[in-house]
1. Rounded, prolate or oblate: which one fits the chain, using the alpha carbon gyration tensor with axes a ≥ b ≥ c (rounded when a/c is under 1.5, else prolate when a/b beats b/c, else oblate)?
2. Suppose every Lys and Arg Cβ carries +1 and every Asp and Glu Cβ carries -1, with no other charges. What dipole size does the chain come out with about its Cα centre, to the nearest 20 debye?
3. Could you give P(r) for the stretch 138-239, binned at 5 Å from zero, as whole percent values over all Cα-Cα pairs?
4. Using the Cα centre of the stretch 548-614 as origin and beta-carbon charges of +1 (Lys, Arg) and -1 (Asp, Glu), tell me which of 558, 594, 569 is placed farthest towards the positive end of the dipole.
5. Name the aspartates and glutamates eligible as straight-distance cross-link partners of residue 9: C-alpha to C-alpha under 18 Å, and not fewer than 8 places from it in the same chain.
6. Summing -39500 (n - 2.57) over the DSSP H runs of n ≥ 4 in the chain and dividing by its residue number, what mean residue ellipticity at 222 nm do you reach, to the nearest 500 deg cm²/dmol?
7. In the chain, if the dipole is taken from +1 on Lys/Arg beta carbons and -1 on Asp/Glu beta carbons about the Cα centre, which of 685, 37, 270 is farthest to the positive end?
8. May I ask for the net charge around residue 20, where only other residues with Cβ less than 10 Å from the Cβ of residue 20 are counted and Lys, Arg are +1 while Asp, Glu are -1?
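Every number here is computed from the coordinates shown, using simple stated rules; none is lab data. Just so it is clear, the structure is predicted and the values come from calculations on it, not from any experiment. Counting neighbours? That spans all protein chains shown, and the Cβs are built from the backbone with ideal geometry, glycine included.
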Amino acid sequence: MFKDRESFKHEYVDKLIKSEGVLLEEATQWNKYVALVGLLRETVISYQAIAKKHEVAAKQVYYFSMEFLMGRLLKYYLINLGIEDLVRVGLNDLGIDLYDLLEQEKDPGLGNGGLGRLAACFMDSMAFLGINGHGNGIRYKYGMFDQRIINGYQHEVADDWLSKGFPWETRKPDQAVVVKFKGNVQVEVLEGKLQFKHENYEPVIAMPYDVPIMSYQNTATINTLRLWSAEPVPLELDLESFNRGEFQSVSRSTVESISYVLYPDDSSQTGKELRLKQEYFFVAAGLGSIVRTFKEKKVPWSDFTRWVAIHINDTHPTLCIPELMRIFIDEEGLAWEEAWKITVNTISFTNHTILPEALESWPIAMFRNFLPRIFMIVEEIERRFLETLHQRFPGEEKLILKTRIFCDGQVNMANLAVIGCSSINGVAALHTNILVQQTFKEFHRIFGYKFNNKTNGVNHRRFLLAANPSLSRLITESIGPSWIEDWSQLKNLQAFQQDRSFLKQLSAVKHRNKLQLIHLIKEKQDIILDPFSLFDVQVKRIHAYKRQLLNVLKIMHLYNLLQDNPSSLNQSYTFILGGKAAPGYYYAKTVIKLIHALARKLRQDPLAEQYLTVVFLENFNVSVGEIVYPAADVSEQISTASKEASGTGNMKFMMNGAVTLGTLDGANVEILDSVGQENMFVFGLNAQEVLRYYERQNYRSWDIYQANPEVHRVVDQLINGFFNEEQSEEFRMIYDSLLLYNDEFFVLHDFAAYIDAFKKLREAHMHQEKWNQMSLINIANSGKFSSDRAIREYGEAIWKV
Ligand SMILES: *Cc1c(COP(=O)(O)O)cnc(C)c1O
């Protein structure tokens with residue numbers, strides 16, 4: 001790497017000429033950005049070349065995920081390489097502002113939210129911990145849409161992130177894989193063995209694009225994120241077999257549609273053909289390349305599990321199970337029993353949700369048509385599974401019904417995943433308990449040993465070190481820099497609880513971060529916020545179960561308090577909400593409109609304006625998150641208990657010193673364990689109570705509406721002209737969800753407790769020093785929510801690396 005500033009400048013100018021073909025004076029900002037990325041990428045892959053020598057002697061982990069929400073890489077890689085200052089000053093000498101180049105970078109939105117971001121955090125922690133861990137995903141031409149708000153309504157703009165190219169990636173045509181769809185399977189007996197021949201299929205080329213993954217100052221492990229893009233097979237490539245009719249030609253657009261766009265809905269599955277194609281596409285491509293690499297080792301198949309671990313992030317890559325069986329049996333000639341043993345022992349699975357609408361299943365006819373050979377294998381998996389069930393649990397029809405793969409004309413992917421892997425983990429202690437006791441109760445009787453918990457974590461180097469440099473500096477000045485590499489060191493901050501000067505600095509850091517967020521909002525949305533008000537933030541996907549509505553009703557209630565008594569609030573509050581709604585999710589889009597209607601109402605009222613501000617943060621994504629998490633005083637984590645499997649936003653807020661206002665859901669439970677009752681505001685039904693209500697069906701939202709005048713008032717305001725006449729019918733569907741449809745997510749039930757908790761929070765915030773202590777205790781106890789902790793657990797207990 002660059003010895004010093006001068007050698008960096010020399011290499012950089014040289015790079016501009018050689019790769020962009022321009023002299024410094026002529027170069028555009030984009031040229032300058034691409035040249036800088038090019039230099040870093042070359043540096044990182046040269047480390048990779050050296051590291052590869054050791055890699056062959058180590059077990060490889062392959063992490064399959066439909067989504068990788070990586071965030072921007074440039075600034076992060078400068079930090080990881082330890083050259084941020086050198087490069088900034090060097091560029092400055094050349095008349096270039098590093099900030100301008102950082103702004104050139106697109107934020108690759110190849111994910112919806114928490115699940116995709118988790119995969120990205122895990123990629124970092126694997127590289128950090130020296131685990132050879134490779135991501136496998138899809139290189140969507142269009143990622144998550146950009147959200148524009150016009151008149152309070154969400155509009156979706158296609159995310160053409162590749163239009164100018166993505167300079168971090170390298171196309172690897174020599175490692176392409178052919179993936180086969182449709183067609184028919186001929187069964188023949190050859191030398192006493194069944195042979196399966198796939199004919200008349202539609203071939204698609206899976207083209208890999210590799211992004212090198214390097215974590216903090218670890219040049220010994222450089223991993224790869226491999227994203228697959230679909231391309232048509234050039235006919236001339238294999239004209240003979242085409243002429244023999246072995247495969248069908250498919251139109252370019254049909255092929256390319258496979259990796260065209262990310263499904264922008266993270267909480268329901270529609271059973272769409274294209275989605276099934278996407279899933280098989282990247283599974284077959286990834287496994288094809290894994291097996292090819294393994295075969296270079298020239299060791300027996302029985303060693304496969306010793307060298308390879310395959311992890312499937314949610315059920316989307318579940319086809320790994322039958323596809324690996326297909327490769328072993330059809331291509332490598334293994335017997336079923338041996339293939340099955342290797343497959344099960346190699347694959348592990350993370351469940352991410354218990355929302356019934358999110359559990360994947362495919363119509364059998366569609367599945368059989370697209371994947372004829374895979375379908376046969378899944379049938380055989382089920383046949384053998386049922387055989388053992390009938391032996392072990394004779395006469396237990398309910399057990400069989402609940403664990404079958406084929407049911408009601410559908411292929412149930414979660415059941416296939418549980419049957420075909422060696423480990424199933426939930427993502428927070430509470431979630432894992434619900435899996436074991438409810439969702440997979442029957443499976444737990446059969447395969448109790450497979451179930452385990454791995455509480456999620458986030459990359460504290462991205463969301464604290466890189467996103468919050470002011471706080472990072474304060475922490476390092478106080479306890480030294482070891483926390484960057486060892487999350488457990490953050491605990492040492494606890495010693496500063498009584499240190500007035502430290503607490504003052506902590507509060508100054510928060511103020512500075514608020515100013516940055518204010519600057520962003522001013523630039524992007526032309527709204528000016530007050531840095532001295534309390535910043536109460538809820539940023540995440542918009543979903544009924546996440547209950548942004550409850551937050552809105554709370555703010556409406558505060559407004560009502562103010563109307564009744566102008567001196568009822570003695571400080572000012574800024575409520576920041578942000579997040580995308582799935583394009584077809586009408587309710588969520590109406591909630592966005594409601595937030596805007598409320599924001600306007602408050603702006604137009606001179607009294608309210610002094611105390612209450614609502615802003616909707618447009619286009620929430622990783623880059624926006626990196627500015628908003630550090631600026632929050634309060635972290636709103638108010639999902640209906642049992643619904644949020646873990647949450648990771650909650651952890652990012654916590655490590656940046658926000659105090660959580662939340663329900664006992666997901667990892668909030670563990671945050672409470674870490675910080676104690678005095679340092680978190682908890683309210684509402686717990687998961688057991690929610691599940692009991694569902695079971696007994698004895699919740700009546702109408703009764704609460706009738707009994708609580710404050711609830712009555714805010715609910716009526718949704719439709720009584722409060723938001724002005726023309727809009728009064730617009731929020732009828734929200735009103736109906738609460739009363740006519742009996743408030744599925746217990747918004748009205750938890751309203752009073754929420755208001756009460758917020759009141760306590762308001763009082764606590766009046767005592768500055770006490771509040772800063774709470775903030776400090778949250779930071780000091782956030783270490784265990786680092787993805788380094790999570791990945792160490794995965795590595796030891798699941799992947800055995
Ligand atoms: C962390 C993160 C999420 C997940 O947030 P939750 O509050 O856990 O739902 C979603 N989107 C982005 C961009 C994130 O960074």
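1. Here the chain falls in the oblate category.
2. Dipole size: approximately 1160 debye.
3. Reading the bins upward from 0: 2, 10, 11, 13, 12, 13, 11, 10, 7, 5, 3, 1, 1, 0, 0.
4. Of the listed residues, the answer is 594.
5. 20, 25, 26, 42, 84, 85, 93, 97, 100
6. -13500 deg cm²/dmol
7. Among 685, 37, 270, the one farthest towards the positive end of the dipole of the chain is 685.
8. Neighbour charge sum, excluding residue 20 itself: +2.
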